[in-house]
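This report refers to the structure that appears directly beneath it.
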Amino acid sequence: MDSKVSDPVRTPLRSTATDGLKIVVVGGFGVGKTSMVGAVSEISPLSTEEIMTQAGVGVDDIGKVSSKRTTTVAFDFGRITLNAEQVLYLFGAPGQDRFWFLWDQLFSGSLGAVVLVDTRRLKDSWYAIDRLEHHGMPFVVAVNRFEPHEPTLDQVRDALSLSPDVPMLDCDARMRESCKLVLITLVRHLTRLSEAKISEAKP
């Protein structure tokens, strides 16, 4: 993943691309999934955001995200070219529970996932973690920092009852370099798991 910021409009898919890899970004409502996909995508991301209306009053809890004016109603989609043959596709899942039925479809064929966490609303992350564990899908946890003096990573890990084997790191979902580090951490985690399986399979 090149550190150079590419033009999100003029980056065509290479004719040599043969392998599509898929990663899903999940988390609660308003945690920053759309921002993360948009920050790292080399193309103008497909976003199914709609303006929030009075119909959402009492349904979507905007207590901690009062400035939020739009919400994802299907999924976000972005793309990153890894090399001449491999392309990474990013899917951002909707956060509200009424759209959770889409998650299993988005998980299909995914190598792994990023769970984006807002420490002001940790309970919103439980469903995402439960579903990933149910599917046996590897994941990393990225804490999207919104305010100073938030809980430490160790405190967040304890609150979410996460295994020490699950990588966790801080991030800023608005910043490309920060989001790239999250994806690199996930890829490294996937590589370690794959190598461990190969080692266990050897006689």
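Computed quantities for the displayed model
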read-out: Solvent-accessible area, 1.4 Å probe, carbon plus sulfur percent, for region 139-183; value: 54
read-out: Whole-number D in µm²/s for region 74-143 (Stokes-Einstein; Kirkwood sum over Cα pairs; 4 °C, 1.567 mPa s); value: 98
read-out: By accessible area with a 1.4 Å probe, ligands and nucleic acids excluded, highest first: order of D76, D165, D130; value: D165, D130, D76
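The values are calculated or read from the model by the stated rules, or taken from the named source; none is laboratory data. Because the structure is a prediction, the values reported are computed rather than measured. Surface accessibility is based on the protein's heavy atoms, side chains included, excluding ligands, DNA and RNA. Shrake-Rupley method; radii C 1.70, N 1.55, O 1.52, S 1.80 Å.
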